[in-house]
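This report concerns only the one structure given below.
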Amino acid sequence: MGGGLAPYAADESQSRGRQYDEPGPTFRSEYQRDRDRIIHSTAFRRLMYKTQVFVNHEGDLYRTRLTHSLEVSQIGRSVAFALDLNEPLTEAICLAHDLGHTPFGHAGQDTLNDCMRDHGGFEHNLQSLRVVDELEAKYASFPGLNLMFETREGILKHCSKRNARELGEVGRRFLERRQPALEAQIADIADAIAYNNHDVDDGFRAGLLTLEQLRTQELFETAYREVRDSYPGLEDRRLIYEIIRRMIGTVVLDLVDETRRRLDESGVASIDDVRSANGPLVAMSDDVHAQHVGLKRFLNEHLYTHEQKLEMTRRAQTVVRELFDAYRDDVNRMPPEFAGRAENSDGDSRARVIADYIAGMTDRFAIKAHESLRC
Ligand code: MG
């Protein structure tokens, strides 16, 4: 463990490289350079004021999309390290995976998708790729961040066949039913592990989930009993944290063990073997996966659709929908660089400019922009 890269890891010497040729980095690896570019991007800083589950101003302790991305990256790096995979690549994908998210979490994404229904739709995964490929305007000699192929491949977790055809090489795996590198597979699961656990924490803190409800979940109950047996009388805050760290530990350990088993069994010897495998090789065992999915379903039923959350959802829908309509009616309500792009395009591409502008907003910026429509 931790001693050099496994033969099936992503190795920069065999990378498909960057879209625009650049001199190699002098003191970092190529994937470390990708990670650093992501951290310096504007879209990354904006994650600080974008909703994960709770709207940013609801409380200072709740996760934002930035702290969520950091937790995803922590889990991803641990798993990559344990499996001798490429840690900086995993980290880069994890930090970038939500760059294309709209304000107001899934409510914002669903509404923008609705607004864009006749113009190719809106999908936050695809938007994350758009951010790093096109929208970040920082470098003199190329658009976007000009990231390595494997980083871009990992950011594009899902993609429709229609979009895949338009994307060229990075979309091809969706048409050919091929797998992404193991580092991308890790980032995908690390995302789900992170939100399952931090949403328990935030949901409990907000008083939307009770201990009694949470104890119906096997993953939670097992950890609960362990902590209660060892530390009877522990106060709730420390109890919850002890439970969450155990739940993360259980799932991550299982993920590492099961993935090791699948790697051995499959006999993969290179990243090409990984890409042509029948399915993902990074996976939990059936039993732990069922518990993990059970908890996810529980959160869906009890947290994401809680009345208090639905109220926020309705407000977010109004803000995003009315902003979209207003900019469509008068593109000059947007700042000059977006208004200019919109004026020089029509139909789908004009709508896409508006979607790019709204998707880039933080929660509070969107609320202010919405208020200013009335002026
Ligand atoms: Mg995420």
The stretch 119-197: radius of gyration and largest Cα-Cα distance (Dmax), Å: 13.4, 41
Dipole magnitude of the chain, debye to nearest 20 (Cβ charges: Lys/Arg +1, Asp/Glu -1, about Cα centre): 640 debye
Those lysines that a straight Cα-Cα span of less than 22 Å connects to LYS309, excepting residues fewer than 8 apart in one chain: LYS50, LYS296, LYS368
Within the stretch 226-375: Cβ-based charge dipole about Cα centre, in debye rounded to nearest 20 (Lys, Arg +1; Asp, Glu -1): 480 debye
Selected from MET361, SER345, LEU373, residue furthest toward positive end of dipole (the stretch 334-375; charges at beta carbon): LEU373
Cα shape, the stretch 206-352, gyration tensor, a/c 1.5 rule: oblate
Over the stretch 289-359: Rg over Rh, Cα atoms, Kirkwood Rh: 1.25
The stretch 111-182: trypsin sites (Lys or Arg not before Pro) falling in loop per DSSP and having at most 11 other Cβ within 10 Å: ARG177
Rg/Rg_ref, the stretch 320-361, where Rg_ref = 2.2 N^0.38 Å and atoms are Cα: 0.97
Semi-axis lengths (Å, descending) of the ellipsoid that matches the C-alpha gyration tensor of the stretch 8-49: 24, 12, 10
Ranked order, VAL170, VAL252 - accessible area, probe 1.4 Å, largest first: VAL252, VAL170
The chain - mean residue ellipticity at 222 nm from DSSP helices (-39,500 (n - 2.57) per run, n ≥ 4, rounded to 500): -18500 deg cm²/dmol
Gaussian network model of the chain, springs between alpha carbon atoms under 10 Å - residue of THR42, THR313, THR26 with greatest fluctuation: THR26
For ASP84, distant residues with modelled amide H under 5 Å away: GLY2
Extension gain from THR67 to ARG205, taking 0.36 nm per residue of separation minus the Cα-Cα distance: 48.1 nm
Gyration tensor verdict on the stretch 81-224 (Cα atoms; rounded if a/c is under 1.5, prolate if a/b is larger than b/c, oblate otherwise): prolate
Anisotropy class of the chain from Cα gyration tensor, a/c 1.5 cut: oblate
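The values are calculated or read from the model by the stated rules, or taken from the named source; none is laboratory data. The structure presented is a predicted model; accordingly, all values stated were derived computationally and were not measured. Cβ coordinates were reconstructed from backbone atoms using ideal geometry, including for glycine residues, and neighbour counts include every protein chain displayed. Only protein heavy atoms, including side chains, enter the accessible area calculation; ligands, DNA and RNA are left aside. Shrake-Rupley method; radii C 1.70, N 1.55, O 1.52, S 1.80 Å.
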